[in-house]
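Following: one structure in structure tokens, then a few remarks.
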Amino acid sequence: MSKRILLVDDDPQSLESTQKILALAGYEVTQATDGQMALEQARRLSFDVVVSDVRMPKLGGLEFLRALSFCGESIPVILMTAFGRVEDAVWAMKLGAVDFLNKPFKRQTLLLAVESALKRSRVKTSGEQLERPELLIGESQVMQSLRMQIAQVAPSAATVLLVGESGTGKERVAQCLHQQSPHSRGRFIALNCAAVPEQLIESELFGFEKGAFTGASSQKEGLFEAADGGTLLLDEIGDMPFALQAKLLRVLQEQEVRRLGATGSKKVDVRVIAATHQDLHENVRIGKFRQDLFFRLEVITLQVPPLRTRLEDLPILIDHFLQNAILRHGKSIAGIEPDALQVLQAHSWPGNVRELSNVIERAVVFGSGGAIRISDLPPHLVALAKPNGPGDRPDKKETLSEAGSTISVRVGTSLKDVEDLMIRKTLEATSGDKNMTAKLLGINSRTIYRKLDKRSE
């Protein structure tokens with residue numbers, strides 16, 4: 001059976017020529033002219049690889065890639081662009097793209113990229129792992145305690161609430177719960193409630209019938225139905241719209257869902273896990289979150305520890321992310337130099353494990369071979385870790401380069417000022433995209449909004 005490729009490009013000439021190359025190579029190609037159309041195709045049909053342009057109307061390639069990951073799709077994505085920039089390539093890889101091609105590209109370059117992407121897809125399908133199989137890395141006391149709690153909780157059918165800062169690995173904890181539960185034979189599906197627009201989240205969860213609303217040209221299965229027999233993670237549950245919380249409570253109580261526009265309900269067997277970095281007690285107090293739903297969710301609560309409370313796990317985490325990044329990007333990296341390791345050990349990791357993963361992947365991408373050096377690390381980490389020596393004057397400046405841009409900070413500059421500077425410069429590089437800025441810096445998007453609000457006061 002020929003492999004199916006979703007080809008996305010708003011340039012008719014480029015779309016036609018790329019389609020011919022793929023079709024002549026024996027691939028079955030479905031076309032889309034923008035990211036929004038492609039996202040709808042990916043939700044309805046099954047594809048082995050996506051080849052997408054970056055700059056498109058309605059929904060660009062990077063936004064399309066991010067939307068795919070938010071919806072739980074794991075299709076290998078190759079991005080292509082006529083405006084090749086280092087920043088775009090780095091963002092693409094951080095968002096999960098398997099390759100990044102600069103137009104115009106040779107026929108063989110495209111076909112090799114597709115074959116490489118298909119190989120990754122086959123590995124996943126066969127049940128092998130591209131990454132090391134451990135889901136929870138670390139031997140600290142808090143991690144050992146968390147693993148024991150997971151082993152006790154997983155066999156039950158009880159709803160679990162995962163509480164922890166952004167980037168601590170709550171989704172991985174949810175995956176561990178799923179794998180050790182009776183629902184492990186079913187699918188594990190994750191939905192980020194903060195990432196889906198309020199007007200779409202209801203149809204994502206419950207699905208809809210044809211004609212249920214304008215634009216509903218066909219029926220669509222919701223995530224509860226898709227996860228029937230498995231596990232559904234509702235990440236960032238604190239951001240679920242208040243009006244939708246009552247419907248979620250009803251599903252949890254009755255174990256049945258009704259599509260939008262349907263006259264009847266359908267029974268589902270879904271293990272629900274919710275996750276949040278927010279204080280739901282406080283959200284209940286101020287009327288942002290339903291108390292009855294909160295009581296239903298917190299039957300069992302697991303605390304996921306921040307990285308700063310388990311720094312003894314840092315070396316094994318660094319090695320884990322390093323090996324994964326080496327495998328993913330095909331680089332030859334021989335460990336990490338001692339002074340670079342010292343910089344990582346001196347950092348406070350406000351973005352937790354996610355921030356560490358991004359830092360290591362960046363170092364592998366920018367590394368030129370051998371071991372990872374200080375120059376391969378993000379400049380703001382180096383600046384924050386650099387001590388003030390006897391020869392350092394308060395007005396001395398350090399020049400930092402980040403993804404093609406240069407900024408200057410004075411040695412002795414406060415942590416808050418350096419953070420604000422990095423946020424501002426990254427916002428400029430992303431053309432004001434706050435969500436992408438937060439992802440690149442390994443922090444929560446609300447941190448960006450909060451700092452911008454304080455700056456405007």
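What follows draws every value from the coordinates through simple rules; no lab data is involved. What you see is a predicted model; the values in this text were computed from it and never measured. Cβ: placed from backbone, ideal geometry, glycine included. Neighbour counts: every protein chain shown.
Structure note, pairs Lys119/Lys331; Lys58/Lys451; Lys247/Lys267: Cα-Cα distances above 19 angstrom occur for Lys58/Lys451. Loop-resident trypsin sites (Lys or Arg not before Pro) (DSSP state other than H, G, I, E or B) in the range 148-244 with no more than 12 further Cβ atoms inside 10 Å of their Cβ: Lys210. The string of couplings for the range 231-241 from the Karplus curve (6.51, -1.76, 1.60, θ = phi - 60°) is 10, 10, 9, 9, 7, 6, 4, x, 9, 5, x Hz, one whole number per residue in order, with x for Gly and Pro. Is the shape of the range 311-377 rounded, prolate or oblate, going by the alpha carbon gyration tensor and its root eigenvalues a ≥ b ≥ c, with a/c under 1.5 for rounded and a/b larger than b/c for prolate? Cα axes put the range 311-377 in the prolate bin. Using the average count of surrounding beta-carbon atoms within 10 Å as a protection proxy, the listed peptides 224-232, 101-109 rank, highest first, as 224-232, 101-109.
Ranked by the mean number of other Cβ atoms within 10 Å of their residues, highest first, the peptides 192-199, 45-52 come out as 45-52, 192-199. Sorting His380, His281 from the fewest to the most surrounding beta carbons within 10 angstrom yields His281, His380.
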